[in-house]
Structure formats: structure tokens, C-alpha cells
Amino acid sequence: MASATNWSTFETALSGVNKYSTAFGRVWLSVVFIFRVMVFAVAAQPVWNDEVKDFVCNTAQPGCNNACYDHVFPISHVRLWALQLIFTTCPSLMVVGHVKYREKKNMKHNGASLYANPGRKRGGLWWTYLVSLIFKAGIDAGFLYILHHIYEGYNMPRLVKCSLEPCPNKVDCFISRPTEKKIFTLFMVVSSAVCIFMCICEIIYLIYKRIQKRVYNKIERQMSAKVHGETQPARRKSEFRAKCRVDPTASIQNLNNTEAEKNKRSDKVQEQQC
């Protein structure tokens, strides 16, 4: 009961991530808490409760059972899955923390909001969200590899051979509930694979939307530049003509006199300034 309460508290802490997640992120969170946390807390833990007590070897040699059990199960499946769930869900807190940082920054600036929508995935928050997805997929994949490497696959044998000290010779050891444990192991492996797939889909979706937005903005800028480019040359040409327009009836002497008057005026202005 206490364990279920702890997981529900953990779920409450991560429930805020849904507000900033895409559709893939919401599906990922649902899979984690329904098919992994709930199954782990309600069903998987009771199955492994008797693993030490019911691990029996056909010898009465003291210490042989413990030595063989430690060799067959260097780390318990339940504890490994608990670590996996904690490490997998923790990167989501990076997104929540970044949003809280933005909200606090808005509060420091009286009335002037630096972020109109702190939860919008733009700028640094987009990168934080992407990195959290990469971490989640990488952690799940890493734990699947560890489980496969330690137990040489995802199978659960009924009988194992053990010849470690202090066993007198090679003895047969029997694992309790091997079929049930195998089913739960495969279920947790498949659910982890589904979560990895959802993270990869969300990464592709985020990158695709980012590229699509940049291409759209680039096309929009080109279109606006093209529209403005058609009117500006004509306007500049008319302005240039107006500046360079000369009275065709004016003689060369008159033009020279006009230029001399302009020079005198500019000299007077400079003397006044001095």
C-alpha cells in the first residue's frame, strides 16, 4: 500500500508535463503509468516477493542456496525496473523546471511579460524538450540492454546449474514461478520498447514541425521581398530623377551662378557655427 502511494505521488509530480507535451508525449505518459507503473506496483512486485525464499537447490550445504541465487540473479528484476522507471521519467522534470523558470522570470519584470506563453516550445524550451526525449529513449534502451546482458536474454529458465563454493559439486537449482516471471519480463520489455518508439516518433515530429516552420517563414519572406521589390525600384528611380532634374531652359551661366550661391550659403552656415 505504501509503495502504491509513493508511485501515485510520483505520478502527481509528473502530471504537469501533459500541459506542455504533444500528442505523442501524452500517449507516452499514459503507457508509462498504466502499463508500467501500475503493472509493476500491483502485479510484478508480488510475483518476485518469494524469489529468495523459494529459490531451492538440491543440497543441504549451508550457504550454497545464497551463493547460487546471487550468481543467477545479480540484481533483482523488480529493483532494476524501479530504477528504470525513476530514471526514465526524471528527464520530463527538465521541461517542467524550464517552464517554471520562465514563469518566475515573467514575475520579476513587473507587468512586462518576457514570455507571452511560458509553456510554448520555442527557443530554449524546444531544445530542453528535445533533449529530454533523447534522454528518455536512451535510458530505456540502456536498461533493456543491461537486462539482456545480465540474464543473457529475456527468458526465465526453470532449472539452473550451479557449482560455486560452498556447494559440494554441481547442483540443480529451481526458480519459483518461472512462467509467470517470464510473462511479466516480456511485458515490461515490450512496454519499454513501445515507450522508446513513442519518443522516437515525437523527436521526428518536433524536428519536422521545426523544419516546416522555417521553410514556411523563408517562403513568406521571399514573397514579401518580391512584392516590395516590384514597387521600390520605380519609387527610387522617380526620386533620383526628381533630384537630378535640371531646367532645360537654364543656361550654363545660370547654372554656375546657382551653384556659386549654394556654396556661399554653406560657407555662411559654417561661419555661424564657428
(request) Just read off the accessible area of Met156 with the full protein assembly in place, 1.4 Å probe, to the nearest 10 Å². (result) 20
(request) Return the FRET efficiency for the residue pair Ala43, Ser163: r is the Cβ-Cβ distance, R0 is 41 Å, and the value is rounded to the nearest 0.05. (result) 0.75
(request) Would you please give the residues with an amide H less than 5 Å from that of Cys167, counting only those at least 5 places away or on a separate chain, with H modeled from the backbone geometry? (result) none
(request) Enter the accessible area per residue of segment 174-220 (Å², integer; probe 1.4 Å; all protein chains in place). (result) 62
(message) Suppose the chain between Val189 and Phe87 were pulled fully straight at 0.36 nm per residue; how much longer would it get relative to their current alpha carbon spacing?
(response) 35.1 nm
(request) Can you send over the solvent-accessible area of Glu180, 1.4 Å probe, protein chains only, in Å² to the nearest 10? (result) 80
(request) Pop out the ³J(HN,Hα) list for segment 78-87 in order, Karplus 6.51 cos²θ - 1.76 cosθ + 1.60 with θ = phi - 60°, rounded to Hz; leave Gly and Pro as x. (result) 4, 5, 5, 5, 4, 4, 4, 5, 5, 5
(message) For Thr59, what residues show an amide H to amide H distance below 5 Å, using hydrogens built from the backbone and excluding near sequence neighbours?
(response) none
(request) Starting at the first residue of segment 183-189, write each ³J(HN,Hα) from the Karplus equation 6.51 cos²θ - 1.76 cosθ + 1.60 with θ = phi - 60°, in whole Hz, x for Gly and Pro. (result) 4, 5, 4, 5, 5, 5, 5
(request) Count the net charge of all other residues whose Cβ sits under 14 Å from the Cβ of Arg221, scoring Lys and Arg as +1 and Asp and Glu as -1. (result) +3
(request) Quote the accessible area belonging to Asp50 in square angstrom, nearest 10, computed with a 1.4 Å probe and with ligands, DNA and RNA left uncounted. (result) 20
(request) Starting from the Cα-Cα distance between Ile150 and Gln212, subtract it from 0.36 nm times their residue separation and give me the gain in nm to one decimal. (result) 18.0 nm
(message) Quick check on my link table: of Lys53/Lys170; Lys53/Lys161; Lys105/Lys213; Lys105/Lys209; Lys108/Lys213; Lys19/Lys136, which ones sit more than 25 Å apart, alpha carbon to alpha carbon?
(response) Lys105/Lys213; Lys105/Lys209; Lys108/Lys213
(message) Starting from the 7 Å offset along Cα-to-Cβ, what nm value, one decimal, do you get for the label separation of Asp54 and Ser176?
(response) 0.5
(message) Please give me the summed charge of the neighbours of Gln84: other residues whose Cβ is under 12 Å from its Cβ, Lys and Arg +1, Asp and Glu -1.
(response) +2
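The values are calculated or read from the model by the stated rules, or taken from the named source; none is laboratory data. Please read all numbers here as calculations on a predicted model, not as lab measurements. Because the Cβ atoms are built from the backbone with ideal geometry, glycine has one as well, and the counts that use them run over all protein chains shown. To get the accessible areas, we keep the full protein, side chains included, count just its heavy atoms, and leave off ligands, DNA and RNA. Shrake-Rupley method; radii C 1.70, N 1.55, O 1.52, S 1.80 Å.
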